[in-house]
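Please read the structure below before turning to the comments.
The values are calculated or read from the model by the stated rules, or taken from the named source; none is laboratory data. Values in this document were obtained by computation on a predicted structure and should not be read as measured data. Cβ atoms come from the backbone with ideal geometry, glycine included; neighbour counts cover every protein chain shown. Please note that ligands, DNA and RNA were not included when accessible areas were found on the heavy atoms of the full protein model with its side chains. Shrake-Rupley method; radii C 1.70, N 1.55, O 1.52, S 1.80 Å.
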Amino acid sequence: MTGSGQVTEAQRSAVPTGTAASDPRPSPLAVRLHRPSWLDLRLVIGLLLVLVSVLVGARIVAAADRTTPVWAVRSELAAGTALTRADLVVVRMRVSAGADRYLATARSPAGLTLTRDVGAGELLPAAALRARSDGSLVSVPVSPQHVPPTVRAGQRIDVYATTKEPGGTLRTERVLAGVPVQEVRFPSRGALSATAEVALVVRVPPESAVALVRALRSAEIDVTARSRP
Amino acid sequence: MSLPVLTAVTDAEWESELVAALDSGDHGVTIVRRCVDVADLLAAASTGTARAVVLSADLRRLDREVLSRLQAARVGVVGLVEPGDVAAEHRLRQLGVRHVLPSDAGAAVVAESLVRAGGVADPDEPPDKPPEPELSGPGRVVAVWGPTGAPGRTTVAVAVADEAARLGVPTLLIDADVYGGVVAQVLGILDESPGVAAAARADNQGELDVAALARLARAVNPRFRVLTGLSRADRWPELRPDPVRGVLERARALVALTVVDCGFCVEEDEELSFDTAVPRRNGATLTVLEEADIVVAVGAADPVGIQRLVRALSDLADRLPGIQPRVVVNKLRAGVVPGDPAGEVAGALRRFAAVQRIDTLPYDRAALDRALAGGLTLGEAVPSSPLRQALTRLAAELAGVPAEAGPRRRS
Ligand SMILES: Nc1ncnc2c1ncn2[C@@H]1O[C@H](COP(=O)(O)OP(=O)(O)OP(=O)(O)O)[C@@H](O)[C@H]1O
Ligand SMILES: [Mg+2]
C-alpha cells in the first residue's frame, strides 16, 4: 500500500508487539565498538588506576618506614653497671649502614654489664656490653646523713673512711674511687624491719675487697657521688 | 487463435518430447522459439512475438530480475520442476512464478497452464503473492527519506528504530541508502556483516525467506536488528527495486516495525527510463517509498534545508502522488531562522508545500557527538538529551505504541 502520515486504527492493531525473548529466528549479535554496560572499559581502567595507586602508595610509605627498634638507656649509667630491664627503653631508629652497631630488641641486654659510661637517652652500643661481670659485690652501709640522697644505681661514687688516730687526730682515706653503684637500698620504714642505713651495692675487684671491708668495720663511712665527667 | 509460446527447458530429451507433444495435438499453443539459455529467452521475449514461456526451475541465471523483465515484456511464465523437488518449487514461487508444474505433468496440462499464464500476464498487475505465509507479514514499514544536504535521515532512522525497540516493538533497521550507507558506523558495528546487498541477492535468487533474512541481519539487542548498508557507494546496482521489495516483504514477517534509511533522490534518469533493462540508481529508493506504510520526510531547519525540503516534497508528489509524507524538521535552532524558528518553519512549509503538520527535532550537536564518538545510539549515550526525548515521542507515534513517561535506560 502507499504511505500515509495518518495511522489508522486498523494499522495500529495490525502491529504485533511481541517480545524477542521467544524469537524463533534470532539474528547473530552485532559486534560493536562499545557494548554499553556498567562494566565500561573506562570504568575498569579507572578502578585499576585507583587500586594500583593505593598499593603503590602503601608500599612507598612502608618502604619509607625503614626503622628498626633498638635499645637505649633511660638515664645516665656508668661503666660497670649491670643493666636491668628498668634501665632500658626501646627507640626506633632509621636504618643505615652500621645499624648492627646497636643492640636490636630481639634480645634483652638485661643482666649484661656496661663497659663504659652511657648518657641518658643514648643508644646502647653493642660494643659497650660485657657478658659476665667479675669482682665481688659488696654492700656499703652508710647512714643517710653521709650519702647524697640523690644517689642511684649506675652512678659513680667515691667512698671515704675516716678513723680516729690514737693521738686524737682524724685520718680520712679514700677506699673506693669512681665505682658504679649497682643497687641502692634505702632504709625501709617497715615497723619490724626498720634499718636506719642506706645500703649501696658496688662491685669491686676481689683484691680491693679486703681493704674495703676493713674500712667498713673500723671507720666512719662517707659516700660522695660524682657527676658525669 | 493459437497462443505463441517460448520454451526454455534444460533437459534436452524431455524438451523435444514436450515440443513434439505440444505441436502435434491441438492444445491452443504454438512454439515460436526454443531458447537455449536465459539470454536467448530474454532476447526472444523482447521481440514481443511470444505471450508465454515454459521454463525449467534449474535454468541457469534464472532470477527475479529475469522474471520481472519477462513480465515487463508481457510474457507469462510456467515453471517446471522435477517431480517431488519441493525446494525448487518453493524457490520458483518465491520468485513470483504462479504456475508451477512437475515435469511429468503431460503436454495437455502444460499447455493449459501456458494459456492461463499468457492470458493474465500484465505488467501493471503485481505478480501474485505465493500463498505461503512465511513470505510476508503484518509488520509496518517506515521509510525515512529527505532531500540532499544531510538533513539527518540516518540520525532519525537509527534513533527511531532504537527507541521503538526500547518501547518494546521488535524492530529492523535497513540501510537502503544507494549513495553509501553509514548505519553500521553510526552504531559502531565492527564486524563486516553481509547486510542489505546480501539480502537483495538472496531474494533475487529466490532464496530469501524470513529465517534467511534474520541470519543476514545483526542484533544490536534482541529487539533491535540491523541490516547494514552498501559498503561502497559504487555498489548501488546491487540494490535493484524488485529484490528490495522482496526484502521488505520478508521484513514485515520478521518484525513488527521496519525502519528504512533511504537515499535522497527520487527523480528518474529520463533518457534511460525507456530501457527497463538498465538499472536505475534511485529505483530502490522509489520502491521503498512505494512499499512503505509511512514515509517520513526529514529536512533541516535552515533556509537552504527548507528550500530543499520544499523541492523534494514536490518531486515526490510528482513521482509518487499517493504518498503523504510525515514531515520532520531537524536541527531546529534559534539564530539561523529569525524570530520563533518552529513557527517560521511551519509557516514556510504550509505556504510553499501545503504541509499542515510538522514535527521538529532540536539541534543538539553535543549529544550527537557523544553518541557518534562511542558508536552508540542516543538512547545509549545521552538518554536525557532533549533530542533523544523528541525522537522517543516520534518513534512511539510511528510504531503506534504509547510513549512511556520518562526516559528508559535499557529496553
Ligand atoms: N538534531 C541535530 N542536531 C545537530 N546535528 C545533527 C542533528 N541531526 C543530524 N545532525 C548531524 O548532521 C549530520 C548529518 O546527519 P545524517 O548523517 O543523519 O544525515 P543524512 O541525511 O543521513 O546524510 P547523508 O546524505 O550523508 O545520508 C551528522 O553529522 C549529524 O550528526
Ligand atoms: Mg545518511
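Would you call B:Arg365 surrounded by fewer than 19 Cβ atoms within 10 Å (Cβ to Cβ) and among the basic types (Lys, Arg)? Against the criterion (surrounded by fewer than 19 Cβ atoms within 10 Å (Cβ to Cβ) and among the basic types (Lys, Arg)), B:Arg365 qualifies.
B:Leu167 - would you say it is surrounded by 23 or more Cβ atoms within 10 Å (Cβ to Cβ), assigned by TED's automatic domain parsing to the domain that holds B:Asp234 and more than 12 Å from ligand 2 (Cβ to nearest atom)? It is false that B:Leu167 is surrounded by 23 or more Cβ atoms within 10 Å (Cβ to Cβ), assigned by TED's automatic domain parsing to the domain that holds B:Asp234 and more than 12 Å from ligand 2 (Cβ to nearest atom).
State all residues of region B:190-228 that are open to solvent by less than 20 Å² (accessible area, probe 1.4 Å), more than 8 Å from every other protein chain (Cβ to nearest Cβ) and of a type outside the set (A, V, I, L, M); if no residue qualifies, say none. Residues satisfying the conditions are B:Gly195, B:Asp203, B:Gly206, B:Phe224, B:Thr228.
Would a scan of region A:160-177 turn up a residue that is of a type in the set (Lys, Arg) and touching a residue at least 24 places away in the same chain (Cβ under 8 Å)? No - not one qualifying residue is present in region A:160-177. Exactly one residue among B:Val182, B:Val141 is open to solvent by 30 Å² or more (accessible area, probe 1.4 Å) and in contact with a helix residue (DSSP H, G or I) (Cβ under 8 Å, 6 or more places away or on another chain), and that residue is B:Val182.
Matching residues to (1) in contact with a helix residue (DSSP H, G or I) (Cβ under 6 Å, 6 or more places away or on another chain); (2) assigned by TED's automatic domain parsing to the domain that holds B:Ile306; (3) part of a strand (DSSP E or B):
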site	(1), (2), (3)
B:Val345	no, yes, no
B:Phe352	yes, yes, no
B:Leu361	yes, yes, yes
B:Gly379	yes, yes, no
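Going residue by residue through region B:324-334, is there one that turns out to be open to solvent by 20 Å² or more (accessible area, probe 1.4 Å) and either of a type in the set (A, V, I, L, M) or not assigned by TED's automatic domain parsing to the domain that holds B:Asp261 (or both)? Yes, that holds for at least one residue. When B:Leu62, B:Leu18 are screened for being over 12 Å from B:Ala107 (Cβ atoms) and surrounded by 14 or more Cβ atoms within 10 Å (Cβ to Cβ), only B:Leu62 passes. Among the residues of region B:347-362, those identified as open to solvent by less than 40 Å² (accessible area, probe 1.4 Å), within 30 Å of the chain's Cα centre (by Cα) and under 22 Å from B:Ala317 (Cα atoms) are B:Leu349, B:Ala353, B:Val355, B:Ile358, B:Asp359. Restricting B:Val295, B:Val310 to those that are within 9 Å of chain A (Cβ to nearest Cβ), in contact with a helix residue (DSSP H, G or I) (Cβ under 8 Å, 6 or more places away or on another chain) and not small (Gly, Ala, Ser) reduces the list to B:Val295.
Total residues in region B:287-316 satisfying the condition of being open to solvent by 50 Å² or more (accessible area, probe 1.4 Å) and more than 26 Å from B:Leu257 (Cβ to Cβ): the figure is 7. The criterion of at least 3 residues that are more than 17 Å from A:Ser27 (Cα to Cα) and away from ligand 1 (no atom under 16 Å from the Cβ) is met by the following helices (runs of 4 or more DSSP H) wholly inside region B:181-271: B:195-204, B:241-254.
Based on this model, can you work out whether B:Asp177 counts as open to solvent by less than 40 Å² (accessible area, probe 1.4 Å), of a type in the set (Asp, Glu) and either within 27 Å of B:Val401 (Cβ to Cβ) or within 16 Å of ligand 2 (Cβ to nearest atom) (or both)?
yes
The number of residues in region B:360-377 being at negative phi, facing chain A (nearest Cβ under 10 Å) and in contact (Cβ under 8 Å) with a residue 24 or more places away in the chain comes to 3.
Have a look at B:Glu344, B:Glu380, B:Glu397 and point out the one that is more than 14 Å from chain A (Cβ to nearest Cβ) and open to solvent by 30 Å² or more (accessible area, probe 1.4 Å). Working first, answer last.
Details: B:Glu380 fails: more than 14 Å from chain A (Cβ to nearest Cβ); B:Glu397 fails: more than 14 Å from chain A (Cβ to nearest Cβ).
Answer to the selection: B:Glu344.
Considering only residues in region B:166-180 that are within 16 Å of ligand 1 (Cβ to nearest atom) and within 14 Å of another protein chain (Cβ to nearest Cβ), the one that is farthest from B:Cys265 (Cα to Cα) turns out to be B:Leu173.
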